[in-house]
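Student: Please see the structure below; I have some questions.
The values are calculated or read from the model by the stated rules, or taken from the named source; none is laboratory data. Just so we're clear, the structure is a prediction, and the values are computed from it rather than from any experiment. All Cβ positions, glycine included, derive from the backbone under ideal geometry; neighbour counts span all protein chains shown. All accessible areas refer to the heavy atoms of the entire protein, side chains included, with ligands and DNA or RNA removed. Shrake-Rupley method; radii C 1.70, N 1.55, O 1.52, S 1.80 Å.
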Amino acid sequence: MKGARGRGTLEKEKPPIFGLIQRGGLVCMRMLANVQQKTIEPIIKSIVKQGTLINTDEYDIYSRLPEWGYQHKTVCHSAGEYARDDDRDGICEVHVNTAEGLWSLLRPWLRPHRGISQDKLPIYLSFFQFVHNARKRGKALIGELITALVA
């Protein structure tokens, strides 16, 4: 049975999860209290360098990215657009496929842990984020793991 479509909410017991991922790089995931610009703005500003190009879908929560000091390009999923080649070099550089791939990894990773309470979900997200980011750092995983456990 497929889940209900639409945006998650705490009230529906399907809390919204916000994710940022650098292509070929690190990930940041947070469970949100709500899906509002004032909620995502401090997360983005604390993690993403001003002037960075951020690709998103057309969801209006991202409309203020240029006001916050970021370059912003979108793909319009509702119009069937999933990638775009703006500079006509044969490479579709405007897409959110990296983030979509992240969600496709997170869902099956969480599935065996059915019934995760909302107060514990941030811990699961942090562990998923840690493992993903440590993989990107290679052999440094062991050192990071020991540091995290001792801290």
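Student: Does any residue of the range 94-102 turn out to be more than 16 Å from GLY19 (Cβ to Cβ) and at pLDDT 90 or above?
Tutor: Going residue by residue through the range 94-102, those that are more than 16 Å from GLY19 (Cβ to Cβ) are 94.
Still in the list and also at pLDDT 90 or above: 94.
Yes, the range 94-102 contains a residue that is more than 16 Å from GLY19 (Cβ to Cβ) and at pLDDT 90 or above.
Student: Restricting attention to the range 60-67, does a residue exist that is charged (D, E, K, R), surrounded by fewer than 11 Cβ atoms within 10 Å (Cβ to Cβ) and in a loop (DSSP other than H, G, I, E, B)? Steps first, please.
Tutor: We begin by selecting, within the range 60-67, every residue charged (D, E, K, R); these are 60, 64, 67.
Then keep just the ones that are surrounded by fewer than 11 Cβ atoms within 10 Å (Cβ to Cβ); that gives 60, 67.
Right, trim to in a loop (DSSP other than H, G, I, E, B) and you get 67.
The answer is yes, given that some residue of the range 60-67 is charged (D, E, K, R), surrounded by fewer than 11 Cβ atoms within 10 Å (Cβ to Cβ) and in a loop (DSSP other than H, G, I, E, B).
Student: Just wondering, is there one or more residues in the range 109-129 that are among the aromatic types (Phe, Trp, Tyr), within 17 Å of PHE18 (Cα to Cα) and touching a Leu at 6+ places or on another chain (Cβ under 9 Å)?
Tutor: Pass one, the range 109-129, residues among the aromatic types (Phe, Trp, Tyr): 109, 124, 127-128.
Narrowing the set further to residues that are within 17 Å of PHE18 (Cα to Cα) leaves 109, 124, 127-128.
With the extra rule that they be touching a Leu at 6+ places or on another chain (Cβ under 9 Å), the set shrinks to 124, 128.
For the range 109-129, residues among the aromatic types (Phe, Trp, Tyr), within 17 Å of PHE18 (Cα to Cα) and touching a Leu at 6+ places or on another chain (Cβ under 9 Å): present.
Student: Please identify the pairs in which a residue from the range 100-115 that is over 15 Å from ARG30 (Cα atoms) has its Cβ atom under 8 Å from the Cβ atom of a residue that is part of a helix (DSSP H, G or I) and open to solvent by 50 Å² or more (accessible area, probe 1.4 Å), counting only partners at least 6 apart or on another chain.
Tutor: Within 8 Å, the pairs are HIS113/TYR124.
Student: Regarding ALA83, is this residue of a type outside the set (Val, Ile, Thr), closer than 29 Å to VAL131 by Cα and free of Cβ contacts under 8 Å to residues at least 24 places away in the same chain? First the steps, then the outcome.
Tutor: On the way: of a type outside the set (Val, Ile, Thr): yes; closer than 29 Å to VAL131 by Cα: yes; free of Cβ contacts under 8 Å to residues at least 24 places away in the same chain: yes.
Against the criterion (of a type outside the set (Val, Ile, Thr), closer than 29 Å to VAL131 by Cα and free of Cβ contacts under 8 Å to residues at least 24 places away in the same chain), ALA83 qualifies.
Student: I'd like to know if the range 30-49 contains one or more residues that are open to solvent by 80 Å² or more (accessible area, probe 1.4 Å), closer than 13 Å to GLY19 by Cβ and not hydrophobic (A, V, I, L, M, F, W, C).
Tutor: Among the residues of the range 30-49, at least one is open to solvent by 80 Å² or more (accessible area, probe 1.4 Å), closer than 13 Å to GLY19 by Cβ and not hydrophobic (A, V, I, L, M, F, W, C), which makes the answer yes.
Student: State yes or no: is LYS49 part of a loop (DSSP other than H, G, I, E, B) and at pLDDT 90 or above? Talk me through it step by step, then tell me what you get.
Tutor: Numbers: part of a loop (DSSP other than H, G, I, E, B): yes; at pLDDT 90 or above: yes.
Yes: the conditions hold for LYS49.
Student: Return the pairs, sorted by first residue and then second, in which the second residue is surrounded by 12 or more Cβ atoms within 10 Å (Cβ to Cβ) and in a loop (DSSP other than H, G, I, E, B), the first residue lies in the range 50-65 and is touching a residue at least 40 places away in the same chain (Cβ under 8 Å), the beta carbons are less than 8 Å apart, and the residues are 6+ apart or on different chains.
Tutor: As it stands, the answer is ASN55/VAL96; THR56/LEU65; THR56/VAL96, since those pairs meet every condition given.
Student: Return the only residue of HIS113, HIS72, HIS132 being at pLDDT 90 or above and either in contact with a helix residue (DSSP H, G or I) (Cβ under 7 Å, 6 or more places away or on another chain) or surrounded by 11 or more Cβ atoms within 10 Å (Cβ to Cβ) (or both).
Tutor: Values: HIS113 fails: at pLDDT 90 or above; HIS132 fails: at pLDDT 90 or above.
After applying the criteria, what remains is HIS72.
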